[in-house]
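Contents: one structure, followed by commentary.
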Amino acid sequence: ADLSGSNLTGANLSRVDLTEANLTNANLTDANLVMSILTSAKLVNTNLSRVKLSYANLSGVDISDSLLVDASMNSSKILNSKISNTDMTGANLNSANLSGTSITDKTLKDSLLCKTIMPSGQQDDYGC
């Protein structure tokens with residue numbers, strides 16, 4: 001699905017399959033994507049502030065130059081993905097799995113991490 005540039009502020013997309021969706025330049029502020037499938041989605045320059053992505057599958061996604069401020073991503077699968085130049089201040093990644101994801105410690109420095117599987121496969125309990 002090509003949803004590039006869409007305004008999906010506050011949208012209820014819970015349990016929706018958005019596999020390979022193009023959400024470049026989209027606004028998903030306050031959207032509900034709990035338990036959604038976003039495998040291989042493109043989320044470049046996307047506003048995901050305060051988005052609810054708990055239990056979502058974000059494997060193989062590209063989240064570059066985006067905002068994930070105060071996003072709820074607990075227990076989500078973010079495997080083999082790319083997250084770069086993205087503001088994740090206050091993002092809740094408790095019990096999330098980031099195995100194989102390309103992400104810097106700087107990007108994660110202000111995120112909430114507890115029982116989080118880091119890109120290396122090691123568990124981070126720093127914020128517990």
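Values computed for the structure shown
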| read-out | value |
| --- | --- |
| Unit charges on C-beta of K, R, D, E only; dipole of the chain, Debye | 180 debye |
| FRET efficiency for T19 and N80, using Cβ-Cβ distance with R0 set to 22 Å, rounded to 0.05 | 0.90 |
| Per-selection metrics, the chain (Cα): Rg and Dmax in Å | 12.9, 39 |
| Contour minus Cα-Cα distance for S4 and C128 (0.36 nm per residue) | 41.0 nm |
| Anisotropy class of region 24-63 from Cα gyration tensor, a/c 1.5 cut | oblate |
| Fraction of accessible area attributable to carbon and sulfur, region 15-128 (%, probe 1.4 Å) | 46 percent |
| Per residue value of the accessible surface for the chain (all protein chains in place, 1.4 Å probe), Å² | 48 Å² |
| Whole-number D in µm²/s for region 1-68 (Stokes-Einstein; Kirkwood sum over Cα pairs; 25 °C, 0.890 mPa s) | 220 µm²/s |
| Under 21 Å between alpha carbons - lysine pairs in the chain that sit 8 or more apart or on different chains | 14 |
| Relative contact order of region 1-43, pairs being alpha-carbon contacts under 8 Å that are 6 or more residues apart, as % | 46 percent |
| Region 78-128 - convex hull of the alpha-carbon atoms, volume per residue in Å³ | 61 Å³ |
| For region 78-128 and region 6-59, distance of Cα centres in Å | 18 Å |
| Accessible surface ranking that places the most exposed of R50, R15 first, with a 1.4 angstrom probe | R15, R50 |
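The values are calculated or read from the model by the stated rules, or taken from the named source; none is laboratory data. Since the structure is predicted, the reported quantities are computational estimates derived from the model, not experimental observations. No Cβ is skipped: glycine too gets one built from the backbone with ideal geometry, and neighbour counts run over all protein chains shown. Accessible surface is based on the protein model in full, side chains and every heavy atom, while ligands, DNA and RNA are left aside. Shrake-Rupley method; radii C 1.70, N 1.55, O 1.52, S 1.80 Å.
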